């Protein structure tokens, strides 16, 4: 919701693709703020839903300016890597990693075609892709190994598409959130708060969805386009190695 809200506030027409549950939390806020948006129910793990989302958006609006891959799930039950089940692994990796890869692929194909089209070729059309990964891309967490693996894959997906799309002038970025106060962290909020208080992050507070959204807005601004493939760490300084 944080990303959709901030994109709407800076003037984007937002196509909010989410499950019914996620949309139920986000839609009232979007309506209250009178933002330009529409909701499309989408199972991100389903190829037909992904295709309908991207192609439908392009056909309706004639362009796709920004794709933000923000869909993600945590394991339903945290388990030691010695006990991780195939069911949990497949669920997390399919949602977080596989879907992000193929959403990038679909969006990239549409963006390339649009940049080559006559009307947009002469305009200021500058599409971008932004993937939401995590500090778990590089930080071991043995009670949710499948999540770490999925986010490491998102980081590599960003690098691959940033490389491939550079020739078309389509920058791809990664936003890497740290400990963010969301439903995903509620179950371990007390543990994380203690670690933050003890100095785990230089900035001693939980991150918020707006902290993540601000990095997305920065990547959309056009001011970072020459830094294609750049990682924006929305983590309170967690990525700094300190003695």
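The values are calculated or read from the model by the stated rules, or taken from the named source; none is laboratory data. Just so we're clear, the structure is a prediction, and the values are computed from it rather than from any experiment. Counting neighbours? That spans all protein chains shown, and the Cβs are built from the backbone with ideal geometry, glycine included.
Residue-by-condition table, conditions (1) touching a residue at least 12 places away in the same chain (Cβ under 8 Å); (2) closer than 20 Å to residue 156 by Cβ; (3) under 15 Å from the mean Cα position of the chain (by Cα); (4) not assigned by TED's automatic domain parsing to the domain that holds residue 132:
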position: 175; (1), (2), (3), (4): yes, yes, yes, no
position: 180; (1), (2), (3), (4): yes, no, yes, no
position: 183; (1), (2), (3), (4): no, no, no, no
position: 190; (1), (2), (3), (4): no, no, no, no
position: 193; (1), (2), (3), (4): yes, no, no, no
position: 196; (1), (2), (3), (4): yes, no, no, no
position: 243; (1), (2), (3), (4): no, no, no, yes
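Please specify each residue of segment 203-241 satisfying the condition of being farther than 23 Å from residue 2 by Cα and either outside the structural domain of residue 134 (by TED's automatic domain parsing) or out of contact with any strand residue (DSSP E or B) (no Cβ under 9 Å at 6 or more places or on another chain) (or both).
Initial filter on segment 203-241 (farther than 23 Å from residue 2 by Cα): 226-228, 240-241.
Passing the criteria: 226, 240, 241.
From the set of residues in segment 159-193 that are assigned to a helix (DSSP H, G or I) and at pLDDT below 95, which is nearest to residue 120 (Cα to Cα)? Before the answer, list the steps.
Quick first cut of segment 159-193, residues assigned to a helix (DSSP H, G or I) only: 159-168, 186-193.
Next, only the ones that are at pLDDT below 95 stay: 186-193.
On the way: 186: 44, 187: 47, 188: 47, 189: 47, 190: 50, 191: 50, 192: 47, 193: 48 Å.
That would be 186.
When you look at residue 168, is it more than 30 Å from residue 81 (Cβ to Cβ), assigned by TED's automatic domain parsing to the domain that holds residue 120 and in contact (Cβ under 8 Å) with a residue 12 or more places away in the chain, yes or no?
Answer is yes for this residue.
Taking segment 202-216, which residues are touching a helix residue (DSSP H, G or I) at 6+ places or on another chain (Cβ under 8 Å) and not in a helix (DSSP H, G or I)?
Passing the criteria: 204, 205, 206, 208.
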